[in-house]
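First up is the structure itself, then whatever we jot down about it.
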């Protein structure tokens, strides 16, 4: 999975030089692995947390961990497969197509984070209902966990809605399209790529850059490349580089 994550980031960065065969191969391998794993554990119904269904019996601690980790890994791999499809279908061109691709990749990642936050809920809910530890302790831990989980899920829902909002909006979040007069006044030369402007974007500080160049810049930075003025365009992380969060979601 780590290797697939590296390949996806590399293919995303290649843009027009992207190797579609390699991208497709990664997606196919990921899907085959998911099918193989769930086929292997059919009798254990390990897939139930994906439908927010608790296990049939109260799991032991390590059984709960195993169930959650397996589903968490499979969901991440499914997300990577979806990203492979996006990279194969999105136009590998400059400007708005590149920006839209980044927004879609970001939306997919936030959907993954939301789903991964939901998966442990049914498993730990059933685990904490174990009456062997006493009714009071069981009720207390269950209530505390559900409170923590609902808070986390609501946060993930807000982030996902924000990411989807960026996809549906047409305007650039960190500026606006520059007019021909503004481009001429700026010299028609992008300070980032040192080439003629392509789909020029005027930031709020009035500096103008290629949309492609400045989109990549704002994947890492939050300030203008020239004057370092803070440009606020989103209050959450971008996953436009195609990466998938590898930090496991256990609770």
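Some points to look at:
- Quarter the surface of the alpha carbon convex hull of the range 144-251 and you get the mean projected area, 8.5 square nanometres.
- Cβ-derived FRET efficiency at R0 35 Å, residue 19 paired with residue 184, nearest 0.05: 0.35
- Sum of -39500 (n - 2.57) over DSSP H runs of 4+, divided by residues of the chain (222 nm, nearest 500): -19500 deg cm²/dmol
- In a fully extended conformation the segment linking residue 35 and residue 56 would gain 5.3 nm over its present Cα-Cα distance, using 0.36 nm per residue.
- Angle between the chain longest axis and helix 2-14 axis [Cα atoms, degrees, rounded to 10]: 20 degrees
- Taking only the Cα atoms of the range 175-217, the radius of gyration and Dmax are 8.8, 25 Å.
- Additional length obtainable on full extension of the chain from residue 146 to residue 9, 0.36 nm per residue less Cα span: 45.8 nm
- Listed peptides 71-80, 44-53 appear in the order 71-80, 44-53 once ranked by packing, highest mean of other Cβ atoms within 10 Å at the front.
- Averaging Cα coordinates gives a centre for the range 114-165 and one for the range 190-245; these two points are 37 Å apart.
- Computed over all pairs of different Cα atoms, the Kirkwood value for the hydrodynamic radius of the range 139-207 is 15.7 Å.
- Relative contact order (%) - criterion: Cα under 8 Å, at least six apart; region: the chain: 25 percent
- Averaging 1/r over every pair of different alpha carbons in the range 2-168 and inverting the result gives a Kirkwood radius of 17.8 Å.
Readers should treat all values here as calculations from the given coordinates under stated rules, not as data from a laboratory. Source: prediction; values computed, not measured. Here the Cβ is made from the backbone with ideal geometry for all residues, glycine too, and neighbour counts use every protein chain on show.
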